[in-house]
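Before any comments, here is the structure.
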Amino acid sequence: MRDPRYDILFEPMDIGPVTSKNRFYQVPHCNGGGYRDPSAAAAMRGIKSQGGWGVVFTEQCEMHHTSEITPFIELRLWEDKDIPQLRKMSEKMKEHGALAGIQLAYSGINGPNLYSKEVPLAVSAMPIRTFTNDPVQARALDKTDIRDLRRWFVNAAKRSKDADFDLICLYGAHGFGIFQHFLSRATNQRSDEYGGSLENRARFVNEVISDMRDAVGDTMGITLRVSLDETIGDLGFSNAEVRDFIEMNRDLPDLWDLAQGTWEDCSGPSRFKEEAAQEQLVRGIHDLTDKPIVGVGRFTSPDVMAKMIRSGTLDFIGCARPSIADPFLPKKIEEGRIEDIRECIGCNICITGDMTMSISRCTQNPTFMEEWRKGWHPEQMNAKGTSSSVLVVGSGPAGLEATRALAERGYDVALAEAKTVLGGRVTRERQLPGLSAWGRVVDYREYQISQKANVETYFDSALDAGSILEFGFENICIATGARWRDDGVSRQHVVPMPVNGDMPLYTPDHIMDGKIPSGKIVIYDDDHYYMGGVLAELLVSAGCDVTIITPSAYLSDWTVNTLEQHAIHKKLAGMGVNVVLNRGVTQIESGHVVSDCVYTGTEQNFDCDAVVMVASKLENNGLYHHLKSRESEWADAGIKSVRLIGDANAPGPIAWATYAGHRYARELDGEDIGDALPFRREITELAVD
Ligand code: ADP
Ligand code: SF4
């Protein structure tokens, strides 16, 4: 049963004319599906409702075609035709008693209108500010445009009501929504009654909320999402000015939704931001308003949540990522099952779905965005199939998730691990600077497996094909992982590069094994995700003089998608790492490496005492191939299937491994679907000409 300390989290609270049943508030978050995958997004929101959230929001919904953020895929409410897909979403949200919220966004200076081809309208005429530096400028809204924009907001509010939403969030946070653009002197340089003093800059939001109240305020709650600090100094909408604004407009929205700063601040990864990182910025704001406040902070601990409410800092616990990693977080607290919470690790893989316009994944919750496509539920597995036993070889994220999910289905599972600890790469990588929270991938699964009577774990068990053939398990799942290459093969080099044997050469595996080089080190990073940067941090802390050379124009290039590239470069530069961009390494000599410019080929030598090669990985698939070569013996050994999964199949981020493990468990003993697509897909209906 529920711990009484957490009762406070389950007290109902009004938001304008509607009431949330508890304090768990899923703030708007992207999912990479948006208008392209409306049923997948709706089903994902429905699962949150089932998981006990009091409030469930959409992601940002573009409320007018004159402001859109193509190529990013969010929602759209441009005309009545958009209402049915949004109604489908609100219905799912409300199915289990949550309030359904829609976030209306007019992107202004942030919307390049690449799809609609409309001239962007912004508070002041300026270049569009996006991730991609689009060569487009916006025109300043004139008085007629402002009147139009107010009317468009009212139209969108009425359509939101038609689509059966209970709450509207006006987006003015993260630098993305027009309300912030009006409020901030950085983006509002007007000299009319909408610019200048804070009162003037707050005029537009006051007008819109008043218009919307008249239109829908009797039945819908209206919330305002602003950032607690624009984080660009005094020119921006600073924390002090946010406080002045709230104090001057105490009762403006029905609820204040306080995000942190930029999106990178608000969704800061665990490598750079702790849980409840924005507490200082939000503390005391409650005294300035009579309306409830929701705030975020990658909250996963019910103690921290209860403290936030008891201390009067927040009224609602806002969660995006924690609700993705565990949609059943509120239910688990309510049922006194704290240890079953699947805590977000703060890796931001979920955000990469939006940034790459694909569809999101979650490292911890492989069912995220597969609720409709594959019918996967985060808490319920499909019924057991015809066979009964599985041997899982390797306990990295792939093997652990396969074991957990297979056991949940009711199979007898033996998990064999060559080492004396569970976790594979995660157990190694969690020791690296800034990555300790990633260990939750193992902690969650290790605990869950320990609770299952149908799992046996065997340590110190480096299995070979002969022993597996002797054991007599019906199904064999090979999850033996991968190791870093030391020959430089990755993207720049498709065949091994010349290496002089006199140069001490390290891979990330050597360093994670505790073999730390000393002196002057060159890290060659042709992997482009986190590993090169993390090792640079580690080696500087160990006293090395570090140069990191990468053929990319950005350090840890792919981390643009996890919103941490900027923070990584800043940190490494601050630590004194010599960051060399746009250069490869063509050969490793005794005492130096030869580096080439990726544009001109101009060579330059970098002296060093050792080289760390962060290139690509080699699959540990030898065991699988040995078993395959003895396929004729399988039937006598009672083996029905042998499958290779995770990094041993094809190396990738940890989220790819947990997904592979989960998929294996779901599909074992499943019917052969032949050439059919293994997921459901939504296709736009052809218009009648
Ligand atoms: P993944 O990311 O695919 O889960 P990891 O590299 O994290 O892969 O984990 C693979 C795990 O498999 C490691 O813990 C490793 O010790 C273990 N392993 C590798 N080969 C064998 C083997 N032949 N028998 C048992 N365990 C193995
Ligand atoms: Fe958290 Fe990572 Fe899952 Fe996102 S992908 S919800 S950051 S665990």
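The values are calculated or read from the model by the stated rules, or taken from the named source; none is laboratory data. Because the structure is a prediction, the values reported are computed rather than measured. Neighbour counts are summed over all protein chains in view; Cβ atoms, including those assigned to glycine, are modelled from backbone coordinates with ideal geometry. We work out accessible area using only protein heavy atoms, side chains counted, and drop any ligands, DNA or RNA first. Shrake-Rupley method; radii C 1.70, N 1.55, O 1.52, S 1.80 Å.
Once the C-beta distance of Leu114 and Asp234 is scaled by a Förster radius of 35 Å, the resulting FRET efficiency is 0.60 to the nearest 0.05. Contact order for the chain, expressed relative to its length and based on alpha carbon pairs under 8 Å spaced 6+ residues apart, stands at 12 percent. The apolar share of the surface of the chain, taken as the fraction of accessible area on carbon and sulfur atoms (1.4 Å probe, ligands and nucleic acids excluded), comes to 48 percent.
What's the extension gain from Lys81 to Val18 if we count 0.36 nm per residue and subtract their Cα-Cα distance?
On the way: separation 63, 0.36 × 63 = 22.68 nm, distance 2.67 nm.
Extending this stretch completely gives an extra 20.0 nm.
May I ask for the Kirkwood hydrodynamic radius of the stretch 4-355, worked out over all distinct Cα pairs and given in angstroms to one decimal? Mind showing how you got there, number by number?
On the way: mean 1/r = 0.0501 Å⁻¹.
Kirkwood radius, the stretch 4-355: 20.0 Å.
Once the convex hull of all Cα atoms in the stretch 276-385 is built, its volume per residue stands at 139 Å³. Taken over the alpha carbons of the chain as equal point scatterers, the Debye sum produces base-10 log I(q)/I(0) values at 0.05, 0.06, 0.08 Å⁻¹ of -0.26, -0.38, -0.67. Across the stretch 426-565, Cα-Cα pairs farther apart than 24 Å form 48% of the total. Summing +1 for each Lys or Arg and -1 for each Asp or Glu among the other residues whose beta-carbon sits under 15 angstrom from that of Ser395 gives -1.
Applying the criteria of a DSSP loop state and at most 12 other Cβ atoms within 10 Å to the trypsin sites (Lys or Arg not before Pro) of the stretch 175-270 yields Arg250.
Label point of Asp502 set 7 angstrom out along Cα-Cβ; within the stretch 582-598, amide nitrogens under 15 Å from it belong to 588-594. Basic side chains Lys and Arg get +1 at the Cβ, acidic Asp and Glu get -1 at the Cβ, and with that the dipole of the stretch 191-331 about its Cα centre reaches some 700 debye. Remark: accessible surface ordering of Asp460, Asp166, Asp443 (largest first) is Asp460, Asp443, Asp166, probe radius 1.4 Å. To the nearest 10, the accessible area of Thr602 is 80 Å² with a 1.4 Å probe.
Which entries of Lys21/Lys92; Lys158/Lys307; Lys452/Lys628; Lys92/Lys332 show an alpha-carbon separation above 26 angstrom in the structure shown? Among Lys21/Lys92; Lys158/Lys307; Lys452/Lys628; Lys92/Lys332, the Cα-Cα distance tops 26 Å for Lys158/Lys307; Lys452/Lys628. Considering only alpha-carbon pairs that sit under 8 angstrom and 6 or more positions apart, the relative contact order computed for the stretch 488-616 is 36 percent. Using the Cα coordinates of the stretch 488-616, the gyration tensor eigenvalues translate into equivalent-ellipsoid semi-axes of 20, 18, 13 Å, sorted from longest to shortest.
For a paramagnetic label modelled on Glu456 (point 7 Å from Cα along Cα→Cβ), amide N atoms under 15 Å away belong, within the stretch 367-404, to 388-393. Here is the size of the stretch 46-96 from its Cα atoms: Rg then Dmax, 12.6, 37 Å. Charged neighbours of Lys161, selected by a Cβ distance under 11 Å, balance to -1 (K, R count +1; D, E count -1).
Note on the stretch 220-281: Kirkwood radius taken over Cα pairs, Stokes-Einstein applied at 20 °C and 1.002 mPa s, translational D equal to 171 µm² s⁻¹.
Please label the shape of the stretch 370-424 as rounded, prolate or oblate, based on the square roots a ≥ b ≥ c of the eigenvalues of the alpha-carbon gyration tensor (a/c under 1.5 means rounded; beyond that, a/b larger than b/c means prolate, else oblate).
Details: a/c = 3.09, a/b = 1.54, b/c = 2.00.
Verdict is oblate for the stretch 370-424.
Calculated FRET efficiency, Glu193 to Arg2, Cβ-Cβ distance, R0 = 56 Å: about 0.60 to the nearest 0.05.
Specify whether the C-alpha gyration tensor of the stretch 561-611 places it in the rounded, prolate or oblate class, a ≥ b ≥ c being the square roots of the eigenvalues: rounded for a/c under 1.5, otherwise prolate if a/b is larger than b/c and oblate if not. Taking the square roots of the gyration eigenvalues as a ≥ b ≥ c, the stretch 561-611 is oblate.
Specify the angular offset, from 0 to 90 degrees and rounded to the nearest 10, of the alpha carbon long axis of helix 565-574 from the longest principal axis of the alpha carbons in the chain. It is inclined by approximately 70 degrees. What's the angle, to the nearest 10 degrees (0 to 90), between helix 143-162's Cα axis and the longest principal axis of the chain? Between helix and principal axis, roughly 70 degrees.
With Cα atoms defining each centre, the stretch 383-449 and the stretch 553-626 are spaced 31 Å apart in the structure. Peptide packing: for 26-39, 604-617, the average count of neighbouring Cβ atoms within 10 Å per residue gives the ranking 26-39, 604-617, highest mean first. The Kirkwood hydrodynamic radius of the stretch 73-203, based on inverse pair distances between different Cα atoms, is 15.9 Å. Take the alpha-carbon positions of the stretch 309-359, form their convex hull, and give its projected area averaged over all directions (one quarter of the hull surface) in nm². Computed as one quarter of the Cα hull surface, the answer is 4.8 nm².
Cα extents for the stretch 600-689 along the principal axes, largest to smallest and rounded to whole angstrom: 62, 59, 22.
Modelled label positions at Lys640 and Gln380, each set 7 Å beyond Cα in the direction of Cβ, lie 2.4 nm from each other. Hull volume per residue, based on the alpha-carbon atoms of the stretch 24-121 and their convex hull, is 82 Å³.
Find out how many positive minus negative residues lie around Gly670, taking Lys and Arg as positive, Asp and Glu as negative, among other residues whose Cβ is under 14 Å from that of Gly670. Write down the numbers at each step before the final one.
Details: positive: Lys374, Lys384, Arg409, Lys640, Arg643, Arg663, Arg666; negative: Glu667, Asp669, Glu671, Asp672.
Spelling it out: positives minus negatives among the neighbours equals +3.
Taking all protein chains together, Lys452, Lys48, Lys571, Lys640 sort by accessible area into Lys640, Lys571, Lys452, Lys48, largest first [probe 1.4 Å]. What is the pair-distance distribution P(r) of the stretch 336-420, computed from all Cα-Cα distances in 10 Å bins starting at 0, with each bin given as a whole percent? Spelled out bin by bin, the stretch 336-420 gives 15, 37, 37, 12, 0 percent.
Provide the gained length on full extension for the span Glu335 to Asn206, in nm with one decimal, where the gain is 0.36 nm per separating residue minus the Cα-Cα distance. Walk me through the numbers on the way to the answer.
Numbers: separation 129, 0.36 × 129 = 46.44 nm, distance 4.19 nm.
Between Glu335 and Asn206, full extension yields an extra 42.2 nm.
Run the numbers on the stretch 343-502 and let me know its relative contact order in percent, using alpha-carbon pairs under 8 Å that are six or more apart.
Taking the mean separation of contacting Cα pairs over the length of the stretch 343-502, I get 24 percent.
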